[in-house]
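Enquirer: Here it is, the structure, as structure tokens.
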Amino acid sequence: MEARLYQGLDLPYPQLDLGCGDGHFASVAFPQGVAVGVDPDGASLREARRRGTYQILLRADGSRLPLASESMASGFSNSVLEHIPDVQAVLHDVARVLQPGAVWTFTVPNPAYGEELSLARGWLANSIPGWPAAYRRWFQRVSRVVNLEAEEKWTEWLDRAGLELVRTFRYFSPEAMRVLERGHFLGLPSLVARLATGRWILSPTRFNLRLTEVLLRRYDDASPVPDGAFSFYLARKRRSS
């Protein structure tokens, strides 16, 4: 779903992928390849190297990018910035390495991410005092989300960094969010497989994943929705910065 959001954009070379992880997302979203991938995790970078998507992979913190100022013509970050405590410092360094007028685009969850959780609603919410807030805090901790802000706060952070918001919209319906929530529990066997074998899916074949595709296809819609749990942002570095 998110891969399609980026595929329609003009992201000139060289591009920066901030928080590239194991490179799986970029291999789907950018089959033509990406110039630079940055991530602090060495194991993930080794996996990304095997995929062959990036020309250069760098192990670094997002607030201290080992890149020359104004060296990147565009950049993106997919569902990464919500995990970074000092996101303002990261945005400042991203702005430093971008060329004047360069596009910077990213996706992050917004407050609806917690508000639409199914286990924080219904009979549990009415039966156990304090349950909704406690469950939302727990789910954010499990998914390692530290920045769950609305568009106004992200616009402020971007502006401080010298990045001007061009457009933003919400996507990922409440129904899709609840499917994602359940996936955190149903995906535990995949976590065990990852720890034991290094692979999330032991048999990544169309036959093996056919049932999953049938069940999830109805939620695969990246169209803007006002109550979406995730937000897409497109910004541009100010030429005067």
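The values are calculated or read from the model by the stated rules, or taken from the named source; none is laboratory data. Predicted, not measured: the structure shown is a model, and the values here were computed from it. Every residue, glycine among them, receives a Cβ derived from its backbone with ideal geometry; neighbour counts consider all protein chains shown. These accessible areas exclude ligands, DNA and RNA; they are computed on the full protein's heavy atoms, side chains included. Shrake-Rupley method; radii C 1.70, N 1.55, O 1.52, S 1.80 Å.
Enquirer: Testing residue 160 on (1) surrounded by fewer than 17 Cβ atoms within 10 Å (Cβ to Cβ); (2) within 17 Å of the chain's Cα centre (by Cα), one condition comes back false. Which one is that?
Expert: Among (1) surrounded by fewer than 17 Cβ atoms within 10 Å (Cβ to Cβ); (2) within 17 Å of the chain's Cα centre (by Cα), the lone unmet condition for residue 160 is (2).
Residue by residue, here is whether (1) in contact with a strand residue (DSSP E or B) (Cβ under 9 Å, 6 or more places away or on another chain); (2) farther than 19 Å from residue 198 by Cβ holds:
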{"residue": "24", "(1), (2)": "no, no"}
{"residue": "31", "(1), (2)": "no, yes"}
{"residue": "35", "(1), (2)": "yes, yes"}
{"residue": "41", "(1), (2)": "yes, no"}
{"residue": "44", "(1), (2)": "no, no"}
{"residue": "49", "(1), (2)": "yes, no"}
{"residue": "63", "(1), (2)": "no, yes"}
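Enquirer: Right, another one. So if I check each of 129, 100, which one is closer than 30 Å to residue 178 by Cβ and either aliphatic (A, V, I, L, M) or open to solvent by 10 Å² or more (accessible area, probe 1.4 Å) (or both)?
Expert: Working: 100 fails: closer than 30 Å to residue 178 by Cβ.
Every option except 129 fails the conditions.
Enquirer: Just checking, does segment 192-200 include any residue being open to solvent by 50 Å² or more (accessible area, probe 1.4 Å), among the hydroxyl-bearing types (Ser, Thr, Tyr) and farther than 15 Å from residue 105 by Cα? Don't jump to the end; show me each part of the working.
Expert: Residues of segment 192-200 that are open to solvent by 50 Å² or more (accessible area, probe 1.4 Å), as a first pass: 192, 194-197, 199-200.
Narrowing further to those that are among the hydroxyl-bearing types (Ser, Thr, Tyr): 197.
Imposing the further condition that a residue be farther than 15 Å from residue 105 by Cα reduces the set to 197.
Checked against the condition, which is being open to solvent by 50 Å² or more (accessible area, probe 1.4 Å), among the hydroxyl-bearing types (Ser, Thr, Tyr) and farther than 15 Å from residue 105 by Cα, segment 192-200 yields at least one hit.
Enquirer: Let me spell it out: the conditions are (1) open to solvent by 40 Å² or more (accessible area, probe 1.4 Å); (2) more than 23 Å from residue 88 (Cα to Cα), and residue 181 meets all of them except one. Which number is the exception?
Expert: (1)
Enquirer: Given 101, 52, 114, which one is over 19 Å from the mean Cα position of the chain (by Cα) and under 24 Å from residue 157 (Cα atoms)?
Expert: Working: 52 fails: under 24 Å from residue 157 (Cα atoms); 114 fails: over 19 Å from the mean Cα position of the chain (by Cα).
Going through 101, 52, 114 in turn, just one is over 19 Å from the mean Cα position of the chain (by Cα) and under 24 Å from residue 157 (Cα atoms): 101.
Enquirer: If you don't mind, there's one more thing I want to ask. Looking only at segment 218-241, which residues are modelled with pLDDT of 95 or more and of a type in the set (S, T, N, Q)?
Expert: 231
Enquirer: Right, another one. Does segment 168-175 contain at least one residue that is surrounded by 12 or more Cβ atoms within 10 Å (Cβ to Cβ), basic (Lys, Arg) and at pLDDT 95 or above?
Expert: yes
Enquirer: Can you tell me how many residues within segment 139-190 are among the acidic types (Asp, Glu) and free of Cβ contacts under 8 Å to residues at least 60 places away in the same chain?
Expert: Initially, segment 139-190 is screened for residues among the acidic types (Asp, Glu), giving 149, 151-152, 156, 159, 164, 175, 181.
Restricting the remaining residues to those that are free of Cβ contacts under 8 Å to residues at least 60 places away in the same chain gives 149, 152, 156, 159, 175.
Residues meeting the conditions: 5.
For (1) free of Cβ contacts under 8 Å to residues at least 24 places away in the same chain; (2) open to solvent by 10 Å² or more (accessible area, probe 1.4 Å), each residue gets a yes or a no:
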site	(1), (2)
63	no, yes
105	no, no
118	no, yes
125	yes, yes
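Enquirer: While we're here: Suppose we keep only residues that are over 23 Å from residue 8 (Cα atoms) and assigned to a loop (DSSP other than H, G, I, E, B) within segment 203-226. Which one would you say is most open to solvent (accessible area, probe 1.4 Å)?
Expert: Among them, the one singled out is 204.
Enquirer: Taking residue 45 as the residue in question, decide whether it is farther than 28 Å from residue 168 by Cβ, surrounded by 15 or more Cβ atoms within 10 Å (Cβ to Cβ) and under 18 Å from the mean Cα position of the chain (by Cα).
Expert: On the way: farther than 28 Å from residue 168 by Cβ: yes; surrounded by 15 or more Cβ atoms within 10 Å (Cβ to Cβ): yes; under 18 Å from the mean Cα position of the chain (by Cα): yes.
The answer is yes for residue 45.
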